[in-house]
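Throughout, read-outs are computed from the coordinates displayed, never taken from laboratory work. The structure displayed is predicted, hence computed values, not measured ones. All Cβ positions, even for glycine, are placed from backbone atoms using ideal geometry, and neighbour counts span all protein chains on display.
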Amino acid sequence: MYDVIVVGSGPSGSYLSYELSKKGYDVLNLEEHREIGKPVECTGLVSERVFKYVKSKAGINSVHGANVYFPNGKSIHISKSEKTIVMYRDDFDKDVSAMAINAGADVKINSRVMDVSVNDEYAEVKYKQDGRIKYEKSKIVVGADGANSRVRKSLNYEMPKKIISTYQVDSAYSIEDQDDVNVFIGSENSKGFFGWAVPSGDITRIGVGVDHVTAIKYFKNINKKFGESKILGINAGPIPINYLKKTYGNRSLLIGDAAGIVKPLSGGGIYTGIISAKNAAIAIDHALKNEDYSEKYLSEYQKLWKREIGFELKKDAIIQRYFASISINDKLLNKIYENINDGNIIKKINELGDIDYPSRVVLSIILKKPVLLKYLIMKR
Ligand SMILES: Cc1cc2nc3c(=O)[nH]c(=O)nc-3n(C[C@H](O)[C@H](O)[C@H](O)COP(=O)(O)OP(=O)(O)OC[C@H]3O[C@@H](n4cnc5c(N)ncnc54)[C@H](O)[C@@H]3O)c2cc1C
């Protein structure tokens, strides 16, 4: 019997497998695909914080700023001294998985988990490997199997409340300005989220997220700005942007996208997934040492990750809900543009802007320009 079975070899599952194997535990990590990191469903934009945890050379470009385009076609430019990395996401996932394997984890690819159950004695995982049904037991099972988590479903966890649909392409369009990400808001560009174009050398990652509508119409509007038909590949996927109320159970935990531990304002989940994995490793270590796998004991996991990033995710979720409600109100968005297109405000954004902690900048803008509150409350 394994100490822990981790389902999914995305960044969250591999990082957890690494941390636990490093501590000397017997870890089985199951991945449904034949290749770690494929298919890619990601823009690959992360802060440098991520590389404190994962030693990876998957970076392809680094950017220092963003152009945010409003419905009136005008944009504000934000710039930072710290860089944000654009990476090859598949290479990154392979690097995290290699860390886990080198620490001693038993990683099995082409192994799709079909069902998971827990009882007083053990957790049991049923999976299909190379066409054959297999079973493995462990003391604890972890769902790191992404937005459509099978572990979550099998163990009757709640479903994520809000899921953003996306459509993204790699386009053979090289943006001249390689130092800025482009963000598009307003009714032409998205409903409930935003569109983006991220420079990655000769390729540009162009995409859009939407809430409860199909993304393609909005994607076409954004893609028009970037050479339209130069598509090299399409990748899309769901982003659960609100974390679950309960991310632990008897002999089980959910981490990363499976638990909806994702930044609601940007949809970024690599950093938050790794933070959830790091805290899961601490709670699992305590549970294994004390041989207590009860829901009550494993609830430590949720306390730990919430202490580290819960407050930020909560604030971001409130701001995101509001933004979603005005995302098609072009008149209001343009008014916001007129108010924040001001040297002092941009300076503040540049000072406080942080891809992992975005609420700080939103709150400080409102404090600097209280008139914005009037528009925001009246929504016109
Ligand atoms: C279009 C798009 C763009 C994005 N851009 C960014 C970005 O720029 N920056 C950022 O930080 N985040 C971004 N995200 C979000 C980011 O991709 C996720 O938050 C991140 O991948 C979560 O990692 P994870 O390990 O929790 O889950 P995943 O990366 O989804 O990994 C889950 C793994 O589990 C495997 N799996 C699933 N089911 C099973 C099963 N039954 N059996 C075995 N294995 C299974 C999957 O194959 C996968 O390998 C983006 C998402 C999308 C859709």
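So if R0 is 22 Å, what FRET efficiency would SER79 and PHE311 give, r being the distance between their Cβ atoms, rounded to the nearest 0.05?
Values: r = 27 Å, r/R0 = 1.23.
Calculated transfer efficiency: 0.25.
Compute the distance from the alpha-carbon center of the stretch 1-56 to that of the stretch 267-328, in whole Å.
16 Å
How big is the stretch 1-104 along each principal axis, measuring the range of its Cα positions in Å and listing the largest first?
If we take the Cα atoms of the stretch 1-104, the spans are 61, 26, 19 Å.
By its C-alpha gyration tensor, with a ≥ b ≥ c as the square roots of the eigenvalues, how is the chain shaped: rounded for a/c under 1.5, else prolate for a/b larger than b/c, else oblate? Can you show the working numbers first?
Numbers: a/c = 2.05, a/b = 1.68, b/c = 1.22.
Since a/c reaches 1.5 and a/b is larger than b/c, the shape of the chain is classed as prolate.
Over the chain, what is the percentage of antiparallel beta bridges among all DSSP beta bridges, to the nearest 5?
Values: 50 of 70 bridges.
Taking every DSSP beta bridge within the chain, about 70 percent pair in antiparallel fashion.
Which shape class applies to the stretch 220-341: rounded if a/c is under 1.5, otherwise prolate when a/b exceeds b/c and oblate if not, where a ≥ b ≥ c are the square roots of the Cα gyration tensor eigenvalues? Working shown, then result.
Details: a/c = 3.52, a/b = 1.98, b/c = 1.78.
Taking the square roots of the gyration eigenvalues as a ≥ b ≥ c, the stretch 220-341 is prolate.
Taking 8 Å as the Cα distance limit and 6 or more residues as the minimum spacing, I'd like the relative contact order of the chain as a percentage. Let's see the in-between values first.
Values: 859 pairs, mean separation 68.3, N = 380.
For the chain, the relative contact order is 18 percent.
Report the label-to-label distance for ASP342 and LYS38 in nanometres (one decimal), using points 7 Å from each Cα along the Cα→Cβ vector.
Those two pseudo-labels are separated by 5.3 nm.
Which ³J(HN,Hα) values in Hz, rounded to whole numbers, follow from the phi angles of the stretch 119-126 under the Karplus curve 6.51 cos²θ - 1.76 cosθ + 1.60, where θ = phi - 60° and Gly and Pro get x?
9, 5, 8, 6, 9, 10, 10, 9
List the lysines whose Cα lies under 25 Å from the Cα of LYS289, skipping any in the same chain that are fewer than 8 positions away.
In chain and number order, the partners are LYS22, LYS23, LYS137, LYS139, LYS246, LYS278, LYS303, LYS306.
Excluding residues on the same chain fewer than 8 positions from LYS220, give the aspartates and glutamates whose Cα lies under 18 Å from its Cα.
Qualifying aspartates and glutamates at Cα under 18 Å: ASP170, GLU188, ASP211, GLU228.
Under 18 Å between alpha carbons, and skipping anything fewer than 8 positions from LYS217 in its own chain: which lysines qualify?
Counting by Cα, and skipping residues close in sequence, LYS217 has these lysines nearby: LYS191, LYS225, LYS230.
Please give the contour-minus-distance gain from GLU121 to LYS57: 0.36 nm per residue of separation, less the Cα-Cα distance, rounded to one decimal in nm.
Numbers: separation 64, 0.36 × 64 = 23.04 nm, distance 4.21 nm.
Full extension from GLU121 to LYS57 adds 18.8 nm.
Peptides 206-214, 79-87, 264-272: what's the order by average Cβ count within 10 Å, highest mean first? It would help to have the intermediate numbers written out before the result.
On the way: 206-214: 20.1, 79-87: 17.0, 264-272: 23.6.
In descending order of packing, they fall as 264-272, 206-214, 79-87.
Can you tell me the 0 to 90 degree angle between the C-alpha axis of helix 89-103 and the longest principal axis of the chain, rounded to 10?
Roughly 30 degrees between the two axes.
Hey, rough spin-label estimate for ARG360 and LYS128, points 7 angstrom out along Cα→Cβ, what's it come to in nanometres?
4.8 nm
Modelled label-to-label distance, GLU295 and ASN148, 7 Å Cα→beta-carbon offset: nm?
Between GLU295 and ASN148, the simple spin-label model gives 2.8 nm.
Give, as ranges by residue number, the residues of the stretch 248-280 whose backbone N falls under 18 Å from the point 7 Å along Cα→Cβ of GLU158.
248-250, 253-264
For SER325 and ALA98 in one chain, what is 0.36 nm times their gap in residues minus the Cα-Cα distance, to one decimal in nm?
On the way: separation 227, 0.36 × 227 = 81.72 nm, distance 4.24 nm.
Full extension from SER325 to ALA98 adds 77.5 nm.
Fewest to most neighbouring Cβ within 10 Å: what's the order for GLU351, GLU312, GLU31? Before the final figure, lay out the partial values.
Numbers: GLU351 13, GLU312 19, GLU31 26.
Exposure proxy ranking, most exposed first: GLU351, GLU312, GLU31.
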